[in-house]
Amino acid sequence: MSEPILVILAAGLSMRYGGMKQIDGIGSHGEPIIDFSIYDAYRAGFRKVVLIIRREHEALFRKALTDEIEPYMDIEFAFQEIDDLPEGIAMPEGRMKPWGTTQALLSCRNQVDAPFAICNADDFYGRNAFEVMYDFLKNKVEDGKYAMIGYPCGVTLGDNGTVTRGICEMDEDRNLLSIREIRQVGRFDGKVQYVSGGEYIPLDPDTPVSMNFWGFTPKVFEDCAKILQEFLPAAIAQDPYGSEHVIPTAVGTMLERGICSVKVLTSSDRWFGVTYKEDKPKVVKAIEEMKRSGRYPDHLW
């Protein structure tokens, strides 16, 4: 089997963060979270990474990452273009934002020809997550038999606002049964809850959620392209400027149609994220402690 590829989603606008959080310095030498993810992936066995970015950000990513990493990893860029739409779908005049992570996934369809992991640029997953996923991609993945890294909802919440989470239902063998995106998840009065229709609805903090770390084969491109093509006409008619489609929703649709199965894997490492600017100090401190303990070298490369 071909060697697994790592794909990183880094084309988001980061509007809640207020800047390019994908390459914002977090480590003691200005390393962004994505640098630690690529380092962890390299240690796990990955040797090729495809970065999905906006074309106008290429120079920034090359300056921030490629000079140091290229001696170790084969790096390619894929560009999420707003007008890269399925055949027969017209681009709405005035649309400025991309169409979500399902479209982003499809933007690397011509560069990924082997089993691959795909994850977010601004989530700190830890080395074990990459080790677990690499093992799955090397030994267990098949067309239509995929995987995701699941995390307890409670450990993925910060203290600085609400987030959107892919809430997962799975069976006793950790097979994913369904996944749905829930907005405005957070801690209210010390409890994990989400807001719906003006009401606060309790959520078990141990509920597994997706943090967008998936393991696929290239077969997923064909299935996601069809799902996106079905979604866009009505979405454009209803909201031509803001509608989007995301990978968890695509996976949920594939599960409903019985065209894939997904194993929910676990990681022994703690997850960190920077949804809001105020989240940054906590992540900076955590990475400092991991460097101090020897988990990461002072200079990654």
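No value in this document is a laboratory result; all are computed from the given coordinates. As the structure is a prediction and not an experimental result, all values here were calculated from the model. No Cβ is skipped: glycine too gets one built from the backbone with ideal geometry, and neighbour counts run over all protein chains shown.
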Partners for LYS145 among lysines (Cα-Cα distance below 21 Å; same-chain residues under 8 apart left out): LYS219, LYS226, LYS263
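Which peptide among 91-98, 135-142, 203-210 comes first, and what is the full order, when sorted by highest mean count of other Cβ atoms within 10 Å?
Descending mean neighbour count gives 203-210, 135-142, 91-98.
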Dipole magnitude (debye, nearest 20) for the chain, charges at Cβ of Lys, Arg, Asp, Glu: 480
Burial order of peptide ranges 274-280, 163-169 (average beta-carbon count within 10 Å, highest first): 163-169, 274-280
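Rank these for me by crowding, LEU9, LEU85, going from fewest to most other beta carbons within 10 Å.
Going from least to most buried by this count: LEU85, LEU9.
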Convex hull projection area averaged over all views, the chain, Cα basis, nm²: 15.7
Amide proton proximity set for PHE77, modelled H, under 5 Å, gap of 5+: LEU51
Peptide ranges 180-187, 51-58 listed from the most packed, as the mean C-beta count within 10 angstrom indicates: 51-58, 180-187
Ascending count of other beta-carbon atoms within 10 Å, so fewest first, for SER261, SER293, SER37: SER293, SER261, SER37
Length gained when the stretch VAL284-ALA90 is fully extended (0.36 nm per residue, less Cα-Cα span): 65.5 nm
For TRP271, TRP99, order by how many other beta-carbon atoms lie within 10 Å, fewest first: TRP271, TRP99
5 angstrom amide H check on GLU31, placed H, neighbours 5+ away: ILE26
